[in-house]
1. Filtering the stretch 283-313 down to residues that are of a type in the set (K, R) and assigned to a helix (DSSP H, G or I), which residue is surrounded by the fewest Cβ atoms within 10 Å (Cβ to Cβ)?
2. Tell me which of these D56 doesn't satisfy, since it passes every other one: (1) at pLDDT 95 or above; (2) assigned to a loop (DSSP other than H, G, I, E, B); (3) within 24 Å of E290 (Cα to Cα).
3. If you take the residues in the stretch 558-598 that are within 27 Å of the chain's Cα centre (by Cα) and among the charged types (D, E, K, R), which one is nearest to G439 (Cα to Cα)?
4. Check R464, R411, R398, R415 and return the single one that is out of contact with any Phe, Trp or Tyr (no Cβ under 7 Å at 6 or more places or on another chain), of a type in the set (K, R) and within 30 Å of C540 (Cα to Cα).
5. Find all pairs meeting these conditions: Cβ atoms under 6 angstrom apart; at least six residues apart or on different chains; first residue within the stretch 669-692 and assigned by TED's automatic domain parsing to the domain that holds Q499; second residue modelled with pLDDT of 95 or more and crowded, with 22+ Cβ neighbours inside 10 Å.
6. Can you spot a residue in the stretch 533-545 that is over 28 Å from E401 (Cα atoms) and touching a His at 6+ places or on another chain (Cβ under 8 Å)?
7. Go through (1) touching a Pro at 6+ places or on another chain (Cβ under 6 Å); (2) assigned to a loop (DSSP other than H, G, I, E, B); (3) within 19 Å of D144 (Cα to Cα) one by one and return the number of the condition G225 breaks.
8. Quick check: anything in the stretch 20-31 modelled with pLDDT under 95 and in contact with a strand residue (DSSP E or B) (Cβ under 6 Å, 6 or more places away or on another chain)?
Amino acid sequence: MQLAPSIENMTLAHPHLQFTHALPYGAILREGGVQFVIFSRSATAMRLLLYNHVDDPEPSVIIPFNPSVDRWGDIWSLFVPGLKAGQLYHFQADGPYDPERGQRFDGRARLIDPYARALAGKFLPSPDGVIRPPKCVVIDDTFDWQGDRHLNRNLSESIIYELHVRGFTASPTSGVAHPGTYLGVIEKIPYLKSLGVTAVELMPVHEFPTNDWWGGPSARPNYWGYDPLAFFAPHRGYAASSEPGAQVVEFKQMVRALHEAGIEVILDVVFNHTAEGNHLGPTLSFKGLENRVYYMLDNGGATYRNYSGCGNTVNGNHPIVRELIFLCLRSWVLNYHIDGFRFDLASILSRNRDGELVPNPPLVEQIAEDPLLADTKIIAEAWDAAGAYQVGSFHHLRWAEWNGRYRDDVRRFWRGDNGFVGALATRLAGSSDLYASSGRKPYHSINFITSHDGFTLNDLVSYREKHNAANGEDNRDGENNNYSENYGVEGPTRRVTVQRVRSRQIRNMLATLLLSQGVPMLLAGDECRRTQRGNNNAYCQDNAISWFDWSLVERHAGLVRFVRALIAFRRSQPTVRRSRFLRGLPDAEGLPPDVSWFDPDGTPCRWSPDSHSLTAMFAAWPPHGAHQLAARHILLMMHAGTQPQQFHVPELARGISWRLFVNTAAESPHDIYPDLDGPPLQDGALMLLDRSLLCFVSPPLFPRSDSASNTAGGDVNGNGAIA
């Protein structure tokens, strides 16, 4: 076999004699060459495969590890002089092949380094049928961060925007120079700033196969990216350049630019399964290195426990795997300045090596206690695909959670389901029923109504049923219980009455989300009615079904304005983002209770199961710092019924100079008053139209000001009409 031109002069006989470094793992640049370090307990032989070019089907050099000098316990370490950043490589391991007992070594397989910092190229065909995965790349992490550091924004002040790196700018309507890439996101930062969001939560960016691993004309695109190949490596498909390793630099450029704009970066990480799949899946990395360590096995090792719904489950609480995940998180924080993580199917991290849910699981506790991760946000999707549901009980103190209860309760209240007035009040107030007993705060609740997984907000009010036929699974995939409604027509319609109620419901839910205690998360495109045409599981739709259609920003400019104003209000108002739970008690200085609940007749709420209406008054309490001087009382009137409903101003709220802020029943621009100068509210009664929300705000209270003009913006008269 011919040597690669770049390494012709290196000594291959005993390269291991020149340096001895048993750690850290991966391909580490050292003076004069590269140290390759990998774990395998059961391998009987290990080889390093080096390539000259990304498309080379065969290695230029194969270097065997010498077990007598290159193995330290279960760690194989080999220094190769003359190599530089950009070098392409695989590992290859011999060992027992005994699938019935969980051993799956295959000496022919080219293996991805579990600690690879980047991958390059594609899956290549092989005459012997063995999958040839993308090649690993030796990376030099040197980068000019220009003084960038983590932004360290308080979680309570965060407004999260979930987006897909490719889908955000892949559409021709984006008008960017580098569509579908990290650089494309940079070009859209002015839009993100104009919305006012404080953080982007990126759907998976660690390496994943772009298509199902077997390829072929029937393979579905792996659009979402929940099928990891290499946890440490940014996805090569989102780089504008095809140069091996370019994704590392471009990803860092994106993070630096977002930080410059005051926007944090949270990664959606998938440590619960890998792309190797079940016992019928390929050997790409972990299977061929130490299958019994990296995965939870079943039936004596012959098959895989499947708590992820994707064929296998990572053995996250095995010490070796726990170390890998832990070091991976540190790598993203140190090398990429990542501000936080959302852990996909995080309940799997609470399972021990037998798959049982356990209290204080080691990995979960280690992530929470690690001093290097202390400034990062850690968010759990507190459930898995095997029935575990830990919303409110995942862990404590450091861990926030995607609040699935919030999503369901808000959807059901606004849909008009009976018995959800009390649930809505609990969610508006920060979900103390879920988080208070463990000592957590309202900001540990990540509130959302939609996410990548399910309907978009537009589709939530446009479809009663899912429409996933395009996924090729006969509409069997995706959630069946969406708490959605179409209001008379399934899908798009020109019927004005249907359009009106859909528009109103979208505003109702957006206003509820951004006025609730806790941390709001907005799905990208919901602010401009992005649609997936009724598809609630668009994991394989790398096309217009999933892409952000930028023409919608202008088409629904009124809704975009509505969302911008709500976000700006939230950022200015500590009243809706408290760091302690509401108690319903008056303040010692004579202010009203921090929260009060009323029926439409203005009397204290009786929580009738037949009611669809609620009035809430959130009182601004004395500030704890100068930044709270603009705090205002907030009065919310919410009506999910199908007929108009008369509301009375509660006695507690009378005598306050209320101004209209939000009216979801009105057309833009009268649906929201960004300058808080809407019509004043007169004491007495007013009529709310069906499925509508009104929000009134008081003047700033500290120092107290009751001098708001009663002339600007008209008047709200006794029947709720705007004069």
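The values are calculated or read from the model by the stated rules, or taken from the named source; none is laboratory data. This structure is a prediction, so every number in the text was calculated from the model and none was measured. Note: ideal-geometry Cβ built from the backbone for every residue, glycine included; neighbour counts use all protein chains shown.
1. Filtering the stretch 283-313 for residues that are of a type in the set (K, R) and assigned to a helix (DSSP H, G or I), the one surrounded by the fewest Cβ atoms within 10 Å (Cβ to Cβ) comes out as R292.
2. For D56, the failing item is (3).
3. R580
4. Matching residue, one of R464, R411, R398, R415: R464.
5. Once the first residue is assigned by TED's automatic domain parsing to the domain that holds Q499 and sits in the stretch 669-692, no partner that is modelled with pLDDT of 95 or more and crowded, with 22+ Cβ neighbours inside 10 Å comes close enough.
6. yes
7. Failing condition for G225: (3).
8. yes
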